[in-house]
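The values are calculated or read from the model by the stated rules, or taken from the named source; none is laboratory data. Small disclaimer: the values here were computed from a predicted structure and weren't measured. Note that we place each Cβ from the backbone using ideal geometry, even for glycine, and neighbour counts take in every protein chain shown. Please note that ligands, DNA and RNA were not included when accessible areas were found on the heavy atoms of the full protein model with its side chains. Shrake-Rupley method; radii C 1.70, N 1.55, O 1.52, S 1.80 Å.
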Amino acid sequence: MGNPTAPPNVAAAVATGDGTSTTADANGCTGGCGPALTTPTSLQQYVSALDGGAAAGSPLDAARRALSECNGSTLDLSQLGLSDADLAALWPSVAPLAPRLTTLNLFLNELTLLPACVAECSRLERLLVGANPLTTLAPGCLAGLTALTFLDVGYSDSLKAFPPETGIGSCTALTVLRAGNGRLSALPDDLWALPALTEVHAYGNCLTSLGDAVGAARRLTVLNVGRNGLTALPSRLGECGALQVLAAYENALTGVPRSVAALPCLRVLNVDFNQGLPPPPLAVRRAADAKALALFLSGGKVAT
């Protein structure tokens, strides 16, 4: 995950301390106001700069303060610059609280691993690990999280795999998965069999197929797989009878299964910027009817 660079006007505002923008020289100095500001080289430094340097101490120190303020159900460790080693060092202090936690927020840190110890939070309902440079989801990290309803692993631009060994199949209460803007080449088949699943956001990955297992997602209402490498959609999408929104824009589709046109609840079909799809006729465009568009793209005859 790349390290962001603070815009020049942000640096100037920090340097002057009065919220005004001044012009900095090549070294970031605004003219006789003390030491020149250096460009942030880590997430922690960037967040600290945006906060006017308020995040004093190490990420681990900040995490310990957050832990001391934990209300017993929500542990917010977001935007602290925590590394894998920091989280490992903190966890012995988290462990006594883990069985009572319902929300664990690790958003926007420097984690490359979602560790297996997270599964100790057996009552967890919300797990936010997005915007980390994740490369691995440890085996068992989601095992037994039967109360988990919301999982965010999105904006992890090094995450290539979501293996079933994570235990995702045991997350029977999961309703929303956010896994957009990563490098995922596939989604686990176990995901689609989860009985409460209603939304999957997996746009901006490296998916080349969805697989027939998607047909098991009978309560799925929103599926966003835009900006991937899909060349086809599985015909078993037609078994997702609750599907209302299907977004498959910016792929390599050449057609849409006829079964999609028969989806009873479909109201939005976004397949824009698939160069292999023919442009719909004027009547279809004017109707703005997702089912009519799906029928046309599947080769069916559309009433005009």
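Restricting to the range 266-296, name every residue that is under 21 Å from residue 201 (Cβ atoms) and open to solvent by less than 60 Å² (accessible area, probe 1.4 Å). Result: 266, 268, 269, 270, 271, 274, 290, 294. Selection within the range 196-221: residues that are more than 18 Å from residue 245 (Cβ to Cβ) and in contact with a helix residue (DSSP H, G or I) (Cβ under 9 Å, 6 or more places away or on another chain). The member of this set that is surrounded by the most Cβ atoms within 10 Å (Cβ to Cβ) is 216. Exactly one residue out of 109, 71 is out of contact with any strand residue (DSSP E or B) (no Cβ under 8 Å at 6 or more places or on another chain) and open to solvent by less than 10 Å² (accessible area, probe 1.4 Å), and it is 109.
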